[in-house]
Amino acid sequence: MTFQKITEQSSLYNDLEKKSIHEIVHDINDEDKKVAFAVEKALPDIERLIDQIVPRMERGGRIFYLGAGTSGRLGVLDASEVPPTFGMPPSLVIGLIAGGDKALRNSVEKAEDDPHAGWSDLLQYGIHGNDTVIGIAASGTTPYVIGALRQARKHGILTASISSNPGSPMSQEADIAIEMIVGPEYVTGSSRMKSGTGQKMILNMITTTVMIKLKRVKGNRMVNMQLSNEKLVDRGARMIIDELKLDYKTAKELLLKYGTVKKAVENFNNDEW
């Protein structure tokens, strides 16, 4: 397949500065509607990746996201939401961004251009054969990511890529290439738009499905969520009420004693309430 850099193709819209606010927001919304369908076409590859991640994590493996700019930030975001949502330690899903944490808020000049930096970052975490490395780059041409995937693959580590261009150099370095082709961006080349939205959808899909398969969800509820604020305490107490038919006060006391809905329910019969 000939590599096409669709993410750099000219927008389907022109004279944006002459458009009304009404026109702009409706145009962007029309473009955003295309994202879910692009992700849908990539579902077989997403499913294949998750199917290989789960047994690796059951053996002590981790997920590493690597990216630069918007892609890197989205990887860090998804990784950071796993501990509070599913009660998992922050060491199991790790987001790495070219240029380090400084790059989360500010552009770090040429950080993404070093093909050796990504692998170097992974080595600091003692990466091993049960881990999975997922490169994220809308263009599919980011050296930071490509170099890391190449080295990870050489070491027998499962690799995957998420891009918005078919047949990209990054895809060539991945065991599983997830390509969601969303077309040109509304503002030409601004991959923080449709490409970023699609990346977020895919990352949500990966970690949510993996956590469900690792039994971090019961029924449809986040029974292992961290009780980091009063809203979550209240949500947890109501889960316990539904499960055990207790009054609110008793349910909340039980929850706070054990720290998670799952542990509270499991230990209820061992206590005198």
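The values are calculated or read from the model by the stated rules, or taken from the named source; none is laboratory data. Keep in mind that this is a model prediction, so the values were computed, not measured. Counting neighbours? That spans all protein chains shown, and the Cβs are built from the backbone with ideal geometry, glycine included. Please note that ligands, DNA and RNA were not included when accessible areas were found on the heavy atoms of the full protein model with its side chains. Shrake-Rupley method; radii C 1.70, N 1.55, O 1.52, S 1.80 Å.
Residue check: is Thr70 in contact with a Gly (Cβ under 7 Å, 6 or more places away or on another chain), within 22 Å of Lys200 (Cβ to Cβ) and assigned to a helix (DSSP H, G or I)? Judged against the criteria, Thr70 is a match.
The combined condition, being farther than 15 Å from Asp45 by Cβ and either touching a residue at least 12 places away in the same chain (Cβ under 8 Å) or open to solvent by 30 Å² or more (accessible area, probe 1.4 Å) (or both), is not fulfilled by Thr159. Pairing residues of the stretch 52-77 that are under 21 Å from Leu123 (Cα atoms) and open to solvent by 20 Å² or more (accessible area, probe 1.4 Å) with residues that are at pLDDT 95 or above and part of a loop (DSSP other than H, G, I, E, B), at Cβ distances under 6 Å and at least 6 apart in sequence or on separate chains, gives Arg56/Asn130; Arg59/Asn130; Gly60/Asn130; Arg62/Leu92; Arg62/Asp131.
Filtering the stretch 202-236 to residues that are open to solvent by 40 Å² or more (accessible area, probe 1.4 Å), part of a helix (DSSP H, G or I) and farther than 24 Å from Asp51 by Cα leaves Glu230, Lys231, Asp234, Arg235.
For Asp242, the conditions (1) more than 29 Å from Asp51 (Cα to Cα); (2) touching a strand residue (DSSP E or B) at 6+ places or on another chain (Cβ under 8 Å) are fulfilled apart from (2).
In the stretch 37-48, of all residues being part of a helix (DSSP H, G or I) and open to solvent by less than 50 Å² (accessible area, probe 1.4 Å), the one that is farthest from Lys213 (Cα to Cα) corresponds to Ala38.
Restricted to the stretch 40-94, and to residues there that are hydroxyl-bearing (Ser, Thr, Tyr) and more than 18 Å from Gly118 (Cα to Cα), the residue that is farthest from the chain's Cα centre (by Cα) is Thr85. Filtering the stretch 157-172 for residues that are out of contact with any strand residue (DSSP E or B) (no Cβ under 9 Å at 6 or more places or on another chain) and part of a loop (DSSP other than H, G, I, E, B) leaves an empty set. The residue that is least open to solvent (accessible area, probe 1.4 Å), counting only those in the stretch 119-151 that are β-branched (Val, Ile, Thr) and assigned to a helix (DSSP H, G or I), is Val145. Tell me, which residue of the stretch 84-118 that is modelled with pLDDT of 95 or more, under 23 Å from Leu214 (Cα atoms) and β-branched (Val, Ile, Thr) is surrounded by the fewest Cβ atoms within 10 Å (Cβ to Cβ)? Going through the qualifying residues, I end up with Ile94. The residues listed here are Ser171, Ser195, Ser191; of these, the one that is within 19 Å of the chain's Cα centre (by Cα), under 30 Å from Asn29 (Cα atoms) and free of Cβ contacts under 8 Å to residues at least 60 places away in the same chain is Ser171.
Taking the criterion of being open to solvent by 40 Å² or more (accessible area, probe 1.4 Å), within 11 Å of Ile6 (Cβ to Cβ), acidic (Asp, Glu) and out of contact with any helix residue (DSSP H, G or I) (no Cβ under 6 Å at 6 or more places or on another chain), would at least one residue in the stretch 167-182 satisfy it? Scanning the stretch 167-182 turns up at least one residue that is open to solvent by 40 Å² or more (accessible area, probe 1.4 Å), within 11 Å of Ile6 (Cβ to Cβ), acidic (Asp, Glu) and out of contact with any helix residue (DSSP H, G or I) (no Cβ under 6 Å at 6 or more places or on another chain). With the condition kept exactly as written, say whether any residue in the stretch 203-218 is within 30 Å of Thr2 (Cα to Cα), touching an Asp or Glu at 6+ places or on another chain (Cβ under 6 Å) and in contact (Cβ under 8 Å) with a residue 60 or more places away in the chain. Checked the stretch 203-218: at least one residue is within 30 Å of Thr2 (Cα to Cα), touching an Asp or Glu at 6+ places or on another chain (Cβ under 6 Å) and in contact (Cβ under 8 Å) with a residue 60 or more places away in the chain. Report, by residue number, each residue of the stretch 185-201 that is assigned to a loop (DSSP other than H, G, I, E, B) and open to solvent by 20 Å² or more (accessible area, probe 1.4 Å). Listed by number, the residues that qualify are Val187, Thr188, Gly189, Ser190, Ser191, Arg192, Met193.
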